[in-house]
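These notes are about the structure you will find just below.
The values are calculated or read from the model by the stated rules, or taken from the named source; none is laboratory data. In this text the structure is predicted, and so the values were computed from the model without any measurement. When the accessible area is computed, the model is the full protein with side chains, heavy atoms only, and any ligands, DNA or RNA have been set aside. Shrake-Rupley method; radii C 1.70, N 1.55, O 1.52, S 1.80 Å.
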Amino acid sequence: MESSVAPLEQALHAARALVIADLVAGEVAEADVVSMVEESVVQRRWWVQQWPEGVAYVAGLVAQDVQDALLETYGRWPLCPVCGDGDPHALEVEPELGTDPHWVCHKAGVSVAAVGALGPALGSGATSS
């Protein structure tokens with residue numbers, strides 16, 4: 001049983017780390033926001049246990065969960081660093097259900113950064129150690 005749990009836990013830990021890296025880069029990694037990440041990880045653990053093939057999609061789904069939760073309490077996140085004109089708008093995770101999730105600006109039609117690598121795009125210079 002432990003061998004089937006290990007890939008799930010690895011995927012969940014990786015998703016947590018990627019999303020927290022983006023939150024740190026966007027300077028919104030407060031305790032209540034990190035709690036949103038933890039809540040999403042708990043929900044996605046259950047989701048993957050029901051649909052094991054979904055393990056490859058966890059990082060993008062956790063990013064979307066946190067983005068949705070932030071919209072209710074914080075506002076749009078992450079704001080697009082590409083479009084300087086017009087109304088501020090959030091990046092979106094693409095693909096919605098797929099591997100290799102990226103933050104994308106639909107207005108400009110560009111991929112801004114992979115989930116977990118938002119720091120350089122936001123100019124935060126944050127690096128993982």
Accessible surface of region 48-93, 1.4 Å probe, proportion on carbon and sulfur as whole %: 48
Heavy-atom accessible area per residue, the chain, 1.4 Å probe: how many Å²? 56
Could you give the length gained on full extension between Glu39 and Thr73, defined as 0.36 nm per residue of separation minus the Cα-Cα distance, in nm? 10.8 nm
Using the Kirkwood radius built from alpha carbon pairs, what does the Stokes-Einstein equation give as D for the chain at 4 °C and 1.567 mPa s, in µm² per second? 87
Residue separation between Trp47 and Glu96 times 0.36 nm, minus their alpha-carbon distance, gives in nm 16.1 nm
